[in-house]
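Step one of this worksheet: look at the structure below.
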Amino acid sequence: MPGPDSVLSGASLEITAADGPGFSAAAGALAPGTRVAITHLGTQTAQQHLDAARAVAAAGHIPVAHLAARRLASAAELEATLAAHAQHGTDGRVVVVGGDPRQPLGPFSEAAQLIETGMLASHGVTDVGIAGYPDGHPTIADEVLWAALTRKLAAIADHGMQARIVTQFCFDVDLVLAWIERVRDAGIDAPLQVGVPGPANVRRLVGFARRCGVQSSAALARKYGFSVSALVANAGPDRFIDGLREGLDPAVHGDVHLHLFALGGVGAAVEWLARQHAAA
């Protein structure tokens, strides 16, 4: 079973479609075959999303398209999106999320519904990432989150696909470790990617955390490695990752890797990952 050293070696990266050109320029510094997720944002077109996935594949890495349930206007749009990725060789792996809109644009209000259509499996998807929330969710009760996680895992298994849990980032490594242990105690053995923000301006980091409902108190910020009074400074996840490595027990926590959000720009995220690999 993988140990703490595999946390870095199996790291994945998350970018937006707008990051595609920057990613192409920086991609050579990444370990070959890095998983790169492309978020599904309302400000970007389906073609931009597909182009970014193609850029990831062309650079020798593994594109992972996000599908946001509440952003899809129809089942036909879902099918067209999956078919386009299959046509261009960027299929196989997706991350399925609910999405930000309060009101769904179409018939899907939650991630499980996309999986249960069977369209993912029928269009060549074999690996499905789903969200985990060590810090909870600002608008969804904890018991509802766990019921949704169980439902999604069951649907993925029913359609013969492999599940992967990708967590929202959290500043408290002890909370993350406890949440992973709870997941394993529930009999869930899916690979798990712990979300961490790449090096970013503290103001941007705190703002993003607040929008996502992530705890960003001064005490947790100091524990993570930055001061909320120094908003113009940059902060990276080094202290958090040191704590994660120290706390992980493969016999308890299972298969755990990093998932790096490129909040401070794709170039900074890729450079940080390259430095970590060089130092390992």
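Each residue in region 102-142 was checked for being in a helix (DSSP H, G or I) and modelled with pLDDT of 95 or more, and 10 of them qualify.
If I filter region 104-116 for residues that are farther than 19 Å from residue 265 by Cα and either within 16 Å of the chain's Cα centre (by Cα) or of a type in the set (Lys, Arg) (or both), do I get at least one hit? Yes, because at least one residue in region 104-116 is farther than 19 Å from residue 265 by Cα and either within 16 Å of the chain's Cα centre (by Cα) or of a type in the set (Lys, Arg) (or both).
Candidates 76, 37, 80, 17: the one that is within 19 Å of the chain's Cα centre (by Cα), modelled with pLDDT of 95 or more and within 25 Å of residue 119 (Cβ to Cβ) is 37.
Counting only residues that are closer than 20 Å to residue 172 by Cβ and within 18 Å of the chain's Cα centre (by Cα), region 185-203 holds 9 of them.
Listed conditions (1) under 30 Å from residue 86 (Cα atoms); (2) modelled with pLDDT under 95; (3) surrounded by fewer than 22 Cβ atoms within 10 Å (Cβ to Cβ) are all met by residue 196, apart from (3).
Could you identify the single residue in 157, 65, 80, 141 that is out of contact with any Gly (no Cβ under 9 Å at 6 or more places or on another chain), small (Gly, Ala, Ser) and surrounded by 21 or more Cβ atoms within 10 Å (Cβ to Cβ)? Walk me through how you get there before you give the answer.
On the way: 157 fails: surrounded by 21 or more Cβ atoms within 10 Å (Cβ to Cβ); 80 fails: surrounded by 21 or more Cβ atoms within 10 Å (Cβ to Cβ); 141 fails: surrounded by 21 or more Cβ atoms within 10 Å (Cβ to Cβ).
The conditions single out 65.
Evaluation of residue 219 against the conditions (1) of a type outside the set (D, E, K, R); (2) out of contact with any Gly (no Cβ under 8 Å at 6 or more places or on another chain); (3) modelled with pLDDT of 85 or more shows that the sole unmet condition is (3). Only one entry in 26, 18, 57 is of a type outside the set (S, T, N, Q), within 28 Å of residue 109 (Cα to Cα) and either without any contact (Cβ under 8 Å) to a residue 40 or more places away in the chain or assigned to a helix (DSSP H, G or I) (or both), namely 18.
The values are calculated or read from the model by the stated rules, or taken from the named source; none is laboratory data. Bear in mind that the values here come from a model prediction, so they are computed numbers and not experimental data. So basically every Cβ, Gly included, is an ideal-geometry build from the backbone, and we count neighbours across all protein chains shown.
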